[in-house]
Amino acid sequence: MKKKSVNEKTRKWSARQTRVRSGIADSDRVRLTVFRSAKHIYASLIDPDGRTLTSVSTRSKGLLDGGGTGNVDAAKKVGAAIAEKAREHQIEKVVFNRNGFLFHGRVKALAEAAREAGLQF
């Protein structure tokens, strides 16, 4: 059963989200899922069974040490932190789930920082 969309923007985001998920649904790798809000950015590692292994966000204690939470610099720190957590779980290769968000700005910064820190996707 499809849920009724509130407005056009939400409908388009939901459609992108479904398209992205359909492409990675049959992968047996761990997913790196990103959620972006106006103030924060969140990154989670989810195994193929749907269990969350670990997550990092701009709300995590000790990650930012002041500064803004809704900017590209904060997203880079979250990307590096999620790559570090992946290494702790012996994860090197992931599938990037941008969760319907366009690949630019904070989402792109998070992905590039995770790649620089050693994650492969």
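Just to be sure, is I24 closer than 14 Å to R98 by Cβ, at pLDDT 90 or above and among the β-branched types (V, I, T)?
Criteria not met by I24.
Looking at this structure, is T18 under 21 Å from R115 (Cβ atoms) and either part of a loop (DSSP other than H, G, I, E, B) or of a type in the set (S, T, N, Q) (or both)?
Judged against the criteria, T18 is not a match.
Checking L64 against (1) part of a loop (DSSP other than H, G, I, E, B); (2) under 18 Å from G100 (Cα atoms); (3) touching a Ser or Thr at 6+ places or on another chain (Cβ under 9 Å), only one condition comes out false. Which one?
Failed condition: (2).
Which members of the range 30-48 meet the condition of being more than 15 Å from G105 (Cβ to Cβ) and surrounded by fewer than 16 Cβ atoms within 10 Å (Cβ to Cβ)?
Selection gives D47, P48.
Within the range 97-116, how many residues are hydrophobic (A, V, I, L, M, F, W, C) and at pLDDT 95 or above?
Total meeting the criteria: 6.
Anything in the range 73-121 that is in a loop (DSSP other than H, G, I, E, B) and touching a Gly at 6+ places or on another chain (Cβ under 8 Å)? List them, or say none.
Residues satisfying the conditions are E92, A117.
Have a look at R19, R29 and point out the one that is of a type in the set (K, R), at pLDDT 90 or above and closer than 20 Å to V95 by Cβ.
Only one candidate qualifies: R29.
I'm checking my understanding of the structure. Among residues of the range 51-103 that are aromatic (F, W, Y) and in contact (Cβ under 8 Å) with a residue 24 or more places away in the chain, which one is farthest from T10 (Cα to Cα)?
F96
The values are calculated or read from the model by the stated rules, or taken from the named source; none is laboratory data. Predicted model, so just to flag it, every value in this text is computed and none were measured. Cβ atoms come from the backbone with ideal geometry, glycine included; neighbour counts cover every protein chain shown.
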